[in-house]
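**Q** Once you've had a glance at the structure underneath, I'll fire off some questions.
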Amino acid sequence: MHQQRKLDHLRICLDKDPQFTHLTTGLERYRFVHQALPEIDLAEVRLSSRLLGKDLRAPLIISSMTGGTKEAEHINLSLAEAAQEMRVAMGVGSQRAALEDPTLAHSYQVRRVAPDILLLANLGAVQLNYEYDLEDCHRAVEMIDADALILHLNPLQECLQPGGNTDFSSLLTKIEEVCHHLPVPVVVKEVGWGISKRVAEMLVKAGVAAIDVAGSGGTSWSEVEQYRALDEKTGNIAQAFADWGIPTAESIQMGRQGAPKTTIIGSGGIRTGVDVAKVIALGAHAGGIAAPLLEPSTIGAAAVVSKLEEVIEELRIAMFLIGATNIDTLRDTPLLRKVDQA
């Protein structure tokens, strides 16, 4: 069942481009104030940063996408090889399938092509209410020799998918236990509907090392589940949530308010290096990117490298055009303004 669902998700994302119907990331409401005289040399611009204790060439993470199938193995190896070459971070898709069927573990194991990257394991946080425990989190990390663990939150997706796990009660205490006893940092991530200020505050108290807001406006998993719906009623229910969620720009600011001293990753609908610059200027420490890399990853690592080079160069030029020589200066810039939209 897990394998078929993973395959369905991949096919729909590649063939249907399931985006939010009307809701956007909100990033288009922000503009940098162009500096015609930036007073710096483009060659001076430094994109290097640190995330969860590891050095990155640019503040980028290839967001979790897939695993658990033969196609997923090819995609993950392409992404990881590119991440190694470009010195950026990467998260794998949910490893639940491989914990239940160890023969699928190889589809997530990418260290052979990416020995040095910041690599993040991944499990659904709700599984902690379904017989998964700290030991399973250990197994997920050890399976891929990860540097950190993502616990993802996806309550809406679980409501919409057949046989979804919808008991999210008293989950915070279990997340807290993992944070306090797992030997690697824990990142909590939404899957595309955003993190609110209240949830960010709860996660900080639980001891998470970082929050990936994964806001609305990019790939819509309610749309994905609508395509997968087995009957009209289920499809209609999914359709009703086509524009649910917190837009990425708002969610970063909410996360920053709720967790002012915690590492924030801005993801959800990030398509260009200018988007990455905006999420960092809004308060994120790194940007997460997924959809633009999915199709290149089916071709191979070189195609992913080419797309990453494009995004990184766009980020570099955006920084140059506001006179920001490094990521800290970008994060503190007063030159990102919200613009009124008619």
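**Q** Tell me which residues come under 5 Å, amide H to amide H, from Gln19 once H is placed; ignore anything under 5 positions away on its chain.
**A** Amide H neighbours of Gln19, under 5 Å, 5+ apart: Ser220.
**Q** Can you tell me the convex hull volume per residue for segment 284-331, based on C-alpha atoms, in Å³ to the nearest whole number?
**A** Values: hull volume 3.6 nm³, N = 48.
Per residue, the Cα convex hull of segment 284-331 comes to 75 Å³.
**Q** Could you list which residues have their amide H under 5 Å from that of Ala148, counting only those 5 or more apart in sequence or on another chain, with H placed in the peptide plane?
**A** Those lying under 5 Å, H to H, from Ala148 are Leu119, Ala121.
**Q** Taking the Cα centre of the chain as origin and charging only Cβ (+1 Lys, Arg; -1 Asp, Glu), how large is the dipole, in debye to the nearest 20? Present the calculation step by step, with values, prior to reporting the outcome.
**A** Working: 32 positive and 44 negative charges, 130 e Å.
The calculated dipole for the chain is roughly 620 debye.
**Q** With θ set to phi - 60° and the Karplus curve 6.51 cos²θ - 1.76 cosθ + 1.60, what are the ³J(HN,Hα) couplings of segment 49-60 in order, to the nearest whole Hz, using x for Gly and Pro?
**A** 7, 10, 9, 6, x, 10, 7, 10, 5, 8, x, 10
**Q** Under the Kirkwood approximation for Rh and a Cα-based Rg, what ratio Rg/Rh is obtained for segment 250-329? Don't skip to the answer; put the middle values down first.
**A** On the way: Rg = 13.6 Å, Rh = 13.4 Å.
Value, to two decimals: 1.02.
**Q** Express in whole angstrom the spacing between the alpha-carbon centres of segment 125-194 and segment 9-53.
**A** 27 Å
**Q** Which of these values of semi-axes √(5λ) of the Cα gyration tensor in Å was calculated from the structure shown: (i) 42, 20, 17; (ii) 32, 27, 17; (iii) 30, 22, 20?
**A** (iii)
**Q** From the square roots a ≥ b ≥ c of the eigenvalues of the alpha-carbon gyration tensor of segment 165-249, which class results: rounded (a/c under 1.5), prolate (a/b over b/c), or oblate?
**A** Numbers: a/c = 2.70, a/b = 1.93, b/c = 1.40.
Prolate shape, in that a/c is at least 1.5 and a/b is the bigger ratio.
**Q** As I understand it, the dipole of the chain uses +1 on the Cβ of Lys and Arg and -1 on the Cβ of Asp and Glu, about the Cα centre. Which of Ala242, Val33, Pro296 lies farthest toward its positive end?
**A** So the residue furthest toward the plus end is Val33.
**Q** Residue by residue, what Karplus-based ³J(HN,Hα) values in Hz, rounded to whole numbers, does segment 232-246 have, using 6.51, -1.76 and 1.60 with θ = phi - 60° and x for Gly and Pro?
**A** Couplings: 5, 4, 4, x, 5, 5, 4, 4, 4, 9, 4, 10, 7, x, 9 Hz.
**Q** Quote the Stokes-Einstein diffusion coefficient, in whole µm² s⁻¹, for segment 78-181, based on the Kirkwood radius over alpha carbon pairs, a temperature of 10 °C and a viscosity of 1.306 mPa s.
**A** Details: Rh = 14.4 Å.
After rounding, the answer is 110 µm²/s.
**Q** Also: Restricting to DSSP H runs of at least four residues, report the calculated mean residue ellipticity at 222 nm for the chain, -39500 (n - 2.57) per run over all residues, nearest 500 deg cm²/dmol. Numbers along the way, then the final one.
**A** Numbers: 14 runs with 145 residues, N = 342.
Calculated at 222 nm, the ellipticity per residue is -12500 deg cm²/dmol.
**Q** How would segment 1-81 be classified by its alpha-carbon gyration tensor: rounded, prolate or oblate, with rounded meaning a/c under 1.5 and the a/b versus b/c comparison settling the rest? If you can, show how the numbers build up before the last one.
**A** Values: a/c = 3.33, a/b = 1.63, b/c = 2.04.
It is oblate, given that a/c is not under 1.5 and a/b is not larger than b/c.
**Q** Measure up Lys278/Lys307; Lys16/Lys54; Lys54/Lys278; Lys174/Lys261; Lys16/Lys189 against 26 Å on the Cα-Cα distance and list the ones that go over. If you can, show how the numbers build up before the last one.
**A** On the way: Lys278/Lys307 19 Å; Lys16/Lys54 36 Å; Lys54/Lys278 22 Å; Lys174/Lys261 22 Å; Lys16/Lys189 24 Å.
Check vs 26 Å cut-off fails for Lys16/Lys54.
**Q** Right, another one. Treating only the Cβ of Lys, Arg, Asp and Glu as charged (+1, +1, -1, -1), what charge dipole size does segment 1-104 show about its Cα centre? Round to the nearest 20 debye. Show your work: numbers first, answer last.
**A** On the way: 13 positive and 14 negative charges, 56 e Å.
It comes to approximately 260 debye.
**Q** For segment 204-239 and segment 274-342, what is the separation of their C-alpha centers, rounded to whole Å?
**A** 24 Å
**Q** Each label point is 7 Å from the Cα along the Cα-to-Cβ direction; what then is the distance between the points at Leu7 and Ser169, in nm?
**A** Going from the Leu7 label point to the Ser169 one covers 3.7 nm.
**Q** Using every Cα-Cα pair within segment 117-158, state what percent have a distance larger than 13 Å. Provide the component values of the computation, followed by the final result.
**A** Details: 444 of 861 pairs.
Of all Cα-Cα distances in segment 117-158, 52 percent exceed 13 Å.
Just so you know, all these numbers are worked out from the coordinates, no wet-lab data involved. Only a predicted model underlies this, so the values are computations on that prediction, with no experimental measurement involved. Positions of Cβ are generated from backbone atoms using ideal geometry, with glycine treated the same way; all protein chains shown enter the neighbour counts.
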